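S.K.: Structure in C-alpha cells, see below.
The values are calculated or read from the model by the stated rules, or taken from the named source; none is laboratory data. Note that this is a predicted model, so its numbers are computed, not measured. Positions of Cβ are backbone-derived with ideal geometry, glycine not excepted, and every protein chain shown enters the neighbour counts. Surface areas here come from the heavy atoms of the whole protein model, side chains and all, with no ligands, DNA or RNA. Shrake-Rupley method; radii C 1.70, N 1.55, O 1.52, S 1.80 Å.
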Amino acid sequence: MTILYAPDFPHAEGATLIEPQLAHAAFAPCRAPMQELLTLLGVRVPVDDGSSEPLGWVPLWRVRPGQALVHEGAGVDHIHVVRSGSLKCVRVWEDGYEQVLALAGRGDLIGFESLSRARHLTGAVALEDATVYALAVREVEAMRRRCPSFDRALLLATSRQLAAAGQIAEMLAPVSAETRLARFLVWYAERMAERGESPRRLRLRMPRRDLASLLGVAHETVSRSFSLLAGAGVLRVDNREVEILDRDGLLACTRSTRTGNAESALRAAQAGRNACTEVAS
C-alpha cells in the first residue's frame, strides 16, 4: 500500500471536529493510489506499466470516533468509500431523536444516494477511527470516462449498497425483537467473513443504544433479546464482544417472524443440543 502526504490536501467541508485545534489531525492530508480503491471495490486492474489506463490518486481522509464525516442536509461535495473502520448513517428527527439507518464499513459508499437531491439525506458519524476515500463530485464523471475500471467499480459498489438496503429492510420486517437481532447478527457475521475476519467471534462497533435504533426497538429490548439468545446457548455475550455458539439455532431464530415464535425456535434448538449431549454421554 502506498500513501503520499500532500500539504495542500483539502479538509472536509462542514465537518464537525471534536476539538477545533485537531482540525489538521482529524482529516489526515494524504492520498492513496486509485488501484487500491478499485481493488477494495472488487475490480482487478493490471499494474500500471505505461500501457494500461491511467489510474492516478485518490484523496484519503481520516475520521475520528464521534466525528461527523457528513451532515444531514449539507450539500454533496464529495462521495466517500470506507477504507477502514465503521460509521453509522443517521437521520435526526424534529424532536431531536437520532435514528440509525445503516452501518457503513469497509468498501461501503457514503453519500452516493444523495446525488439526485444535491443534499445529504443522512449524516455519517464515525464509530471508531476510520479512513475514507474522498471523491469530489465535480470530478466523478470525468473519472468514469477516463478510467473504465472506476466506472465498473462504482457500479459494483452501488449494487452492493442496494442489496445491503434490502437486507436492512428484512431485519425490520419481523415483529419479534429477538428475530431482528438474530438477523442482524447473521448479516454482521457474513460481512465480517467477507472482510477476512471471524464470522463467529464478533466485536460490535456500535453501542446497544445505536443498535436498538437501527433495529427499531427500545434499548432495554435489545438487552433482553441478547439475554434470551445467550440463555438459550446460542450466544456468549460480553459487552460488545459476541461469540456465536450455535449458528443453526441462530438461523432458526431468523426464520421466526411473529412474537413468541422466536422463543419457540430457541427452545427447540436448545432441546436438540441437550439431546445430542445426552447421546454423546
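S.K.: At 1.4 Å probe size, with no ligands or nucleic acids counted, give the accessible surface of H219 in Å², nearest ten.
M.R.: Here the residue's solvent-accessible area equals roughly 60 Å².
S.K.: Multiply the residue separation of R152 and A74 by 0.36 nm, subtract the distance between their alpha-carbon atoms, and state the gained length in nm to one decimal.
M.R.: Full extension from R152 to A74 adds 25.3 nm.
S.K.: Of the trypsin sites (Lys or Arg not before Pro) in region 140-207, which ones lie in a loop per DSSP and count no more than 14 other C-beta atoms within 10 Å?
M.R.: In loop regions of region 140-207 (DSSP not H, G, I, E or B), the sparsely surrounded trypsin sites (Lys or Arg not before Pro) are R195, R200.
S.K.: Provide E36, E190 ordered by accessible surface of protein heavy atoms (probe 1.4 Å), highest first.
M.R.: E190, E36
S.K.: Return the distance in nm (one decimal) between the two label points of a simple spin-label model at R44 and S116, each offset 7 Å from Cα along Cα→Cβ.
M.R.: Simple spin-label model gives 3.4 nm for this pair.
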